[in-house]
Each structure stands twice: as C-alpha cells, then as structure tokens.
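Here's the structure, in structure tokens; my notes come after.
The values are calculated or read from the model by the stated rules, or taken from the named source; none is laboratory data. The model shown is predicted, which means the values in this text are computed figures rather than measured ones. Virtual Cβ from ideal backbone geometry, glycine too; neighbours counted across all protein chains shown.
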Amino acid sequence: MQTPRLKISIPGTTTQRKHRKPYFWYHIHKAAGSTVCKLAEANHEILHAPSAMLNCNWIYDQNHQWVRRLLPTLDEVKNCSQRLEEWERTKFSWSLIERPFSHTAMFCPESFGYGVALRDPIKLLESMLNYVDPLESLFKSRDDQYEATPEQLVQCLLRNMQESCPYKLGQAENSVWMFFDNPVVRLLGGPEVMELPLGGVSSTHANKVLELLVKFDIVTIVEEMDSDASHKKFQDILGWNVTSLAGRSRSNENSDKALLLTDAEKDIARDMNKHDYLVYNYFLHSGNHAS
C-alpha cells in the first residue's frame, strides 16, 4: 500500500504552510532542540506535545530514562504506520524525536518532513558535562549511582587513563560518556550503533548517517542559527515568520559552565569524536545545510 503524503492545515498561515508536510525534528540533546521547539510554538505549529511538558516530543519519542523506567511500554519504537495513525488522531504539524533513530521505523519521508541541528562536538560535550537533569537524578537505578561523574570521565578519557579507568561507564544511551565518543553518529545510527562500546564507532557508521541526513529537509548548524541565511531557509522551507527568539544570545555561552576542557583535552576529544566531526564538517563547509 502506498504511503499517503500528508499536508498540514493551519488557519491564517501562508499558502506554503498549508501545503507543507508535518515535521519530525530530530533533537540531539544540548543542540538547540528546546530552541526549535519554542520557535515552532512561536510560529503557531500544532505541537504534538506542549513545549513546557515534553519539549515538543511525542512521549514515545523522548529519551528521558526516568520516564521510561516508570512506564516501560514507552520503550516501544513507533513505526511509520503508527505515526500516520497518530497524525490522523491529532493532526499535529510539529513533533520532536529524542531517542536513538531507527531508520526503518522512524524515517517516513513520504509522509513527514525531517530536520536536525548539528552542534560543534566539543561545544556539545562541554555543554553536556555541565548539564544536570534533577528528575533524572531522582530516578537513577542503584547501578547508575556508581557510574562515573563528568569530572571522573574527563580524568579517565581525556588524560590518558582509558586503559586503567576505575569507574563504571554503563550503557551508552544512559551515560554521559557517550558524548566523548561520537554521540551524533550513535544516535542517528540507530539502537545498534548506540550501544557499541567505547571506541566502537567507525567511519562506516558515520557514512551511513550522512546518507540519512542528506535526505532530511533541513540540516542546520547550531552556531549559524542566528545568521540571515539560516533565517531565510527556515522561512523558505517551513514558512516560518519567527526565526529567532528574543533575548537569545550565544556570545557568552561558556560563562555559566563550571567544567571546561583545556586545549590539550579538546585535542584528544576531537580525535575521539572524529566521526561526528566528519558529519558536522560535511554540512558546515559544503553548503549542504539548511537546504
């Protein structure tokens, strides 16, 4: 059976918006997902979930481990048919995905548009090292309590102690250490790539992610989201009139970070994240982003 091509209908919007597909935006943690959710809200998209509750994520597409521990059925990955059924039920125009991306179940380009924002891997790592989710801390399992802290991970992974690291790393999806080792390729490579051990990601995995992302409608760069060119692409592709948030500035983004990497540590982290840099630099330098 041919997959139907969906069209959204938002009263009072441009003709382009009325003829556009509903969107799934892939939310890489700490890569402007919350900003994009708020922009969607400001542009009167029909959100699948309120921004204040689930950050625009369909509850089955969120990656908060504490929610999935409380409701184990949320581990189920919804396929294209189920996504179509959900659209028929809610007529949403915008939703976010924030969990490992299953190419066979989650990628339905005949019916939905797709977008993602990529952030410089070092900035992504530093942001994650300084992030604390209070609810995640409340619902940690007993095993999680013994996992390495961000400071311990820096000591182990960036100061030549990997072979003798005494701390538990845990599963990649549930752990901060993933952000030292190609998180974008792990997330967009799917559940199997996600759970590879430290150092297990390869250029083959990165190239498969590139093959996926060139099929997305929008791939934007976080560091360029405030540029005129990026604003124009959001207007042209999505029909958005509001393309930036008042008061949002990245000019001093490190001012509130307690844990920052030294230049030597950044050099090691760049090498560890070389496959993420392959993906990031492709869209940064070749003009293939936001198009």
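Quick notes
- Residue under evaluation SER95, criteria (1) within 20 Å of ARG20 (Cβ to Cβ); (2) at pLDDT below 70; (3) among the hydroxyl-bearing types (Ser, Thr, Tyr), criterion not met: (2)
- Scope the stretch 166-189; condition of a type in the set (Val, Ile, Thr) and touching a His at 6+ places or on another chain (Cβ under 6 Å); matching residues: VAL185
- Total residues in the stretch 240-285, condition polar (S, T, N, Q), exposed (fewer than 12 other Cβ atoms within 10 Å of the Cβ) and either over 21 Å from the mean Cα position of the chain (by Cα) or modelled with pLDDT of 95 or more (or both): 4
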